[in-house]
Amino acid sequence: MHEGHEQMFRRRFFVSTLLSIPVLLYSEALQRWLGFSVPAFPGSQWINPVFAVIVFAYGGVPFLRMAVPELRDRSPGMMTLISMAITVAFVYSLASVFFPTESAFFWELVTLIDIMLLGHWIEMRSVRRASSAVDELAKLMPDTAERISDDGETEAVPVGDLSEGDLVLVRPGASVPADGVVEDGDSDVNESMLTGESKPVSKDPGDEVIGGTINGDGSLRVRVGATGEETALAGILRLVEDAQRSKSKTQVLADRAAGWLFYVAVAAAGVTAIAWTLAVSFNATVIERVVTVLVIACPHALGLAIPLVVAINTSLAARNGMLVRDRIAMEEARNLDAIIFDKTGTLTEGEHGVVDMATVEGVAENDALALATAVESDSEHMIAGAIRQAAEQRGIAAPAATDFEAMKGRGVRATVEGDEIYVGGPNLLASLDSDVPGQLRSFADEAGKNAQTVVYLVRDGELIAAFAMADVVREESYRVVDALHELGIEVAMLTGDSRDVATAVAEELGIDTVFAEVLPGDKDKKVQELQNQGKLVGMVGDGVNDAPALTRADVGIAIGSGTDVAVQSADVVLVQNNPLDVVRLVKLSKASYRKMQENIVWAAGYNVFAIPLAAGVLAPIGILLSPAVGALLMSLSTVIVAINAQLLRRVDLSIPNLPGGTSPTDAQPARLKSP
């Protein structure tokens, strides 16, 4: 809708502006003010009325059409005010052609239409939002599935042809075509797109799988339990649609001002007509005064006051890593009472890292980490990557390893400097029948309380070290929580992870409210729970499972590196994947709204001054505002509003100046610290 309106206003602006040039050139008032003249020729007196009629019919009629709903709802706004001004100017000017009066409003009419078209073109371009969340959700589901017949043969069929009870083959790397239960095979399935879990989930016979998730390296045979509208993905899709429909309509500030101004103008015109009729009797002068009041009541500046700020706000936000998709939400960000962050991939890195380690007496941490890195050097497992990254952070060079062997379900083995080294979890210890020293047992118990995964290092049958693995907290997360608290904003965390994991992260960051073990279908309910407390709520997320919550929130904020559906469901996208940009967003919102208020004051202030003068309040002492001078004041008001909007570019959004922000060295990253 916004894109169509944008193109319409853009096209009509350029055509109307081109058609307005002859009207301006043949305007006697402009010729007199600017000291120029144009050649007259037979019929040149019809240039102004003819071209003005064309501009009114092409560029002005859309405003008349859009004013109809406002009048029908008895809530006059910007469209009603614009329509009233251009209609009065049009009718009066046409009448002046056949019934000569002191002045006509042809050039004022066309410039008013041109500038209003420009303002609404800028506005539509700023608010255009190609919200394709539903389409992106649908893309997660594959088009075809491999159905297994009774005789064991497989056939490719459209997903829509699957029925409950069908048996399907899910090959490695393929998407699960429907909700169901694993009958045969074992594999790790990536459910992060739907559940928010930060690591693949192991699936064995009897385990449930969700349509749209991605199978890992193993092959699965799945008995279909739900298809079509009954799947979990379809449920999330419906939630996104419902949340989009339930968004409340927020009235634009300038439109409210225009509504007030409409009543002021009509009242002023009525008083003017009565007063002048009583003073000089009803004649052409009275009509001219009334028309002047109604035309001047619609200043050019009011039509540009908000769109100019929005356009600058949008470009300024983009240069600072924020793409604004919904200007209403951008304005509302200044009033946020609470901001909910998704944990995985937003407050955390979304990938596991070594957060702590312990060794037996006589073994240095760096030596243990070097041995583990050597064994894991050829492995692509996420635990191997975390160990290698921890070694890299400490600047540890790993020795060479030979005879590498991956032991499925237990860990890895290799020979390092003549010793047989093993790295793996509890299953490894069971297979090696290794005893756990008391110090490492206490370490493992503490890690378990914090919902951390423990990986052990065994040398020649002796357990010598243990590593605690967890999703790494972003360094920026500490600073963003402090900064938002300084701004008086409550910080909450929403995750599908276990309560132990969520609580550990929340305590580390100082988060106020924790929503843990939340299913995809319930995430938007947690947003609504805070909204029901009378709070204006923002939501920051990056996954498909966050889409309903992002849409339900008063301000939805997507991490740019997240999924397409999260980005398409959000009002603002953080391109640089930096949660600190949430604080920038709030600051920019406050500064932008302040500029909007100032521009409204400048634009409406013009009317406070011009309408009484146009009505003739000071006529007894010889001061009477002519239509020409009124038009000049219109232009001056527009210039002031444009300059004031440009001052928004001076707002300081740099990280060091953020309230509560600390330098990067002050943050305490949740990662393995150097000794």
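The values are calculated or read from the model by the stated rules, or taken from the named source; none is laboratory data. What you see is a predicted model, and the numbers here were worked out from it, not measured in a lab. Cβ: placed from backbone, ideal geometry, glycine included. Neighbour counts: every protein chain shown. Areas reflect the complete protein model, heavy atoms only, side chains present, ligands, DNA and RNA absent. Shrake-Rupley method; radii C 1.70, N 1.55, O 1.52, S 1.80 Å.
The three principal axes of the Cα atoms in segment 1-90 give end-to-end lengths of 48, 27, 24 Å, sorted in falling order. Ordered by 1.4 Å accessible area with all protein chains kept, Asp151, Asp114 run largest first as Asp151, Asp114. Note on segment 50-107: with neighbouring protein chains present and a 1.4 Å probe, carbon and sulfur make up 70 percent of its accessible heavy-atom surface. Taking a ≥ b ≥ c as the square roots of the eigenvalues of the Cα gyration tensor, segment 353-442 is classed as rounded, since a/c falls below 1.5. Computed over the alpha carbons of segment 293-446, Rg followed by Dmax gives 28.2, 97 Å. Spacing of the modelled spin labels on Gln7 and Tyr263, each 7 Å from Cα toward Cβ, amounts to 4.0 nm.
Which shape class applies to segment 423-478: rounded if a/c is under 1.5, otherwise prolate when a/b exceeds b/c and oblate if not, where a ≥ b ≥ c are the square roots of the Cα gyration tensor eigenvalues? Kindly include the intermediate steps, with their values, before the conclusion.
Numbers: a/c = 2.70, a/b = 2.22, b/c = 1.22.
Judged from the Cα gyration tensor, segment 423-478 comes out prolate (a/c at least 1.5, a/b above b/c).
With the highest mean first, a sort of the peptides 79-92, 50-63, 427-440, 264-277 on other beta-carbon atoms found within 10 angstrom per residue produces 79-92, 50-63, 264-277, 427-440. Protection proxy ranking of 286-293, 157-164, by the mean of other Cβ atoms within 10 Å over each peptide's residues and highest first, is 286-293, 157-164.
Classify segment 141-186 as rounded, prolate or oblate, taking a ≥ b ≥ c as the square roots of the eigenvalues of its Cα gyration tensor: rounded when a/c is under 1.5, otherwise prolate if a/b is larger than b/c and oblate if not. It is rounded, given that a/c, with a ≥ b ≥ c, falls under 1.5. The mean accessible area for residues of segment 1-50, using a 1.4 Å probe and ignoring ligands and nucleic acids, is 65 Å² per residue. Heavy-atom surface analysis with a 1.4 Å probe gives segment 415-461 a carbon and sulfur content of 40 percent of its accessible area.
At 1.4 Å probe radius, can you tell me the per residue accessible area of segment 336-430 in Å²? Walk me through the numbers on the way to the answer.
Details: 4110 Å² over 95 residues.
It amounts to 43 Å² per residue over segment 336-430.
Here the peptides 546-553, 599-606 are ranked by packing, the mean other Cβ count within 10 Å, and the order with the highest first is 546-553, 599-606. Segment 452-490 and segment 50-111 have their alpha-carbon centroids 65 Å apart. Of the listed pairs Lys343/Lys595; Lys408/Lys526; Lys523/Lys595; Lys203/Lys526; Lys449/Lys525, which have alpha-carbon separations greater than 32 Å here? From Lys343/Lys595; Lys408/Lys526; Lys523/Lys595; Lys203/Lys526; Lys449/Lys525, over 32 Å: Lys343/Lys595; Lys408/Lys526; Lys523/Lys595.
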